[in-house]
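Read through the structure below, which is laid out as structure tokens, and then see the notes.
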Amino acid sequence: MLPSKLSSSLLCQCKDLKKLVQTVSSVLSRDLSTETESWRTTPTDKSKLPYAVNSKCEKVELPTGTNLKSPVWSWNGWDPLEEVIVGRAEGAFCPPFEKEIQVNSYGDNFEFMKKQASKPFPKEIVNKAITEIAEFCRILEAEGITVKQPDIIDWSVPYKTPDFASTGLYAAMPRDIWMVVGDEIIEAPMCWRSRFFEYRAYRALMKDYFKRGAKWTSAPRPQMSQELYDNDYPIGDLDKRYEMANNGKFLTTEFEPVFDTADFIRAGTDIFVQRSQVTNDFGIEWVRSHLAPKGIKVHKLNFTDPHAMHIDTTFNILGPGLVLTHPERPCHELDMIKKAGWTILTAPKPLCPPDHPLWFSSRWLSANVVMLDPHRVCVQKTETTTAAMFESFGLKAIPIDIRHANTLGGGFHCWTCDIRRRGTLESYF
Ligand code: NVA
């Protein structure tokens, strides 16, 4: 038996501890469906930003029927991040060497992708990518951000539809397949045959978001038959490809609507998109008509880029009226954006060594950054000139090493899909 004085003090501490445990667990299991969400109607404070915002920032009425309690909530790519999906490198599998892969295989990678076709990607790089992504997730969680990941799937399983046969790729780049517009999450149709079933890795997550109040939309499933691809596309003739890109012509035809969501970049009531190897005009029109009733405008931008696939190393919006552009992929509509008062940053040349393997992309993944909030940006640790450019502008660059995760074809923006950011719908244009 304890002396009474000691036992009452212990009892008191235990009560405090119990209270603490209760508080922590109620915060962790916070039920968004019952919370008052005043931050969903309050714009992020611009007066505290380290740079002057020159563009218009006007709070806009939320579209009719918007669910103010949805676990999915994001109108732009910079409001404070609360929840994010981060991709997985596990099981990454090299797809058959179809035209859509050939068109996106840069330089020496062409031979590598041909040789590796229908085999797992080299283990040593995939394992390094897994370790880097685990550390990236840990950093995000340490910042108080909820991190979700897709299921682990065997991407080597062959499949056949009435129109084609293939094997899978990976679930490394959620940005390519998901786009959040307010309380809604939109699933892209995609156009690589190896990505046809990629959504399966995210089914559990989407069912849960839907049950908790998110709107869940899947764009029409494409056939991906031969008619979707231009058989005469001059894969090996870069001059011709430049000429075609300038005329808005790429490998995909207008047979049916296709798009990857990574070709879209959000800024409140305005969403920008590029016609690319994987996003066609039909797909852009589908998104435009789908979002028009919400008052969201979709603007098509054109760039000189014969490899165009995913806008987020070419034109990456980082804050209200703040865009990072690519010095070698001029945007033909930049004057319109300048006139609207936007601040234009230019990405410095990447420092990634030329011999570092990048299976699906250029070295410009240095510009493929993601914002934790309007002040802080995740930057590849070794891209010190890019980090210095951000710092000189007043942003805090958070150095994180995902160099081998880059090898799989994406930077921080590609590897993530922001599910919930604190803030509301505004017009910046
Ligand atoms: N296609 C782009 C990468 C987009 C993440 C590039 O290679 O630069």
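Among residues belonging to the stretch 251-268 that are closer than 17 Å to Glu227 by Cβ and among the β-branched types (Val, Ile, Thr), point out the one that is most open to solvent (accessible area, probe 1.4 Å). The selected residue is Thr253. Among the polar types (S, T, N, Q), open to solvent by less than 10 Å² (accessible area, probe 1.4 Å), over 13 Å from Gly87 (Cβ atoms) and away from the ligand (no atom under 16 Å from the Cβ): does that describe Thr424? So Thr424 passes the test. List the pairs whose first member sits in the stretch 300-321 and is buried (at least 22 other Cβ atoms within 10 Å of the Cβ), whose second member is part of a loop (DSSP other than H, G, I, E, B) and among the charged types (D, E, K, R), and whose Cβ atoms are under 6 Å apart, counting only residues at least 6 apart or on separate chains? Taking only residues 6 or more apart or on different chains, the pairs are Phe303/Arg329; Asp305/Arg329; Thr314/Arg329. Note on the stretch 285-319: residues that are away from the ligand (no atom under 15 Å from the Cβ), more than 20 Å from Arg175 (Cα to Cα) and part of a loop (DSSP other than H, G, I, E, B) total 2.
With Phe390, Phe429 as the choices, which residue is assigned to a helix (DSSP H, G or I) and more than 13 Å from the ligand (Cβ to nearest atom)? It would help to see each step written out before you state the result.
On the way: Phe429 fails: assigned to a helix (DSSP H, G or I).
The conditions single out Phe390.
Residue count for the stretch 393-417 under the criterion of being away from the ligand (no atom under 16 Å from the Cβ) and either in contact with a strand residue (DSSP E or B) (Cβ under 8 Å, 6 or more places away or on another chain) or on the phi < 0 side of the Ramachandran plot (or both): the result is 8. Considering the stretch 349-387, the residues that are of a type in the set (Ser, Thr, Tyr) and not in a helix (DSSP H, G or I) include one that is farthest from Ala308 (Cα to Cα), namely Thr382. Met336 passes every criterion in (1) at pLDDT below 95; (2) of a type outside the set (Val, Ile, Thr); (3) away from the ligand (no atom under 16 Å from the Cβ); (4) within 19 Å of the chain's Cα centre (by Cα) apart from (4).
Does the stretch 307-324 contain at least one residue that is closer than 30 Å to Thr384 by Cβ and of a type in the set (Ser, Thr, Tyr)?
Here is the first cut: in the stretch 307-324, the residues closer than 30 Å to Thr384 by Cβ are 307-324.
Remaining after also requiring of a type in the set (Ser, Thr, Tyr): 313-314.
Yes, the conditions are met somewhere in the stretch 307-324.
State all residues of the stretch 88-105 that are farther than 19 Å from Cys191 by Cα and not acidic (Asp, Glu); if no residue qualifies, say none.
Taking the stretch 88-105 first, the residues farther than 19 Å from Cys191 by Cα are 88-91.
Within the stretch 88-105, Arg88, Ala89, Gly91 qualify.
Selection within the stretch 339-387: residues that are within 13 Å of the ligand (Cβ to nearest atom) and among the polar types (S, T, N, Q). The member of this set that is surrounded by the fewest Cβ atoms within 10 Å (Cβ to Cβ) is Ser362. Does Ala172 satisfy being buried (at least 20 other Cβ atoms within 10 Å of the Cβ) and over 30 Å from Pro293 (Cβ atoms)? Yes: the conditions hold for Ala172.
Count of the stretch 322-338 residues, restricted to those that are open to solvent by 30 Å² or more (accessible area, probe 1.4 Å), part of a loop (DSSP other than H, G, I, E, B) and in contact with a strand residue (DSSP E or B) (Cβ under 9 Å, 6 or more places away or on another chain), is 4.
The values are calculated or read from the model by the stated rules, or taken from the named source; none is laboratory data. Bear in mind the structure is a predicted one, so any value in this text is a computation, not a measurement. Note that each Cβ is placed from the backbone with ideal geometry, even for glycine, and that neighbours are counted across all protein chains shown. To get the accessible areas, we keep the full protein, side chains included, count just its heavy atoms, and leave off ligands, DNA and RNA. Shrake-Rupley method; radii C 1.70, N 1.55, O 1.52, S 1.80 Å.
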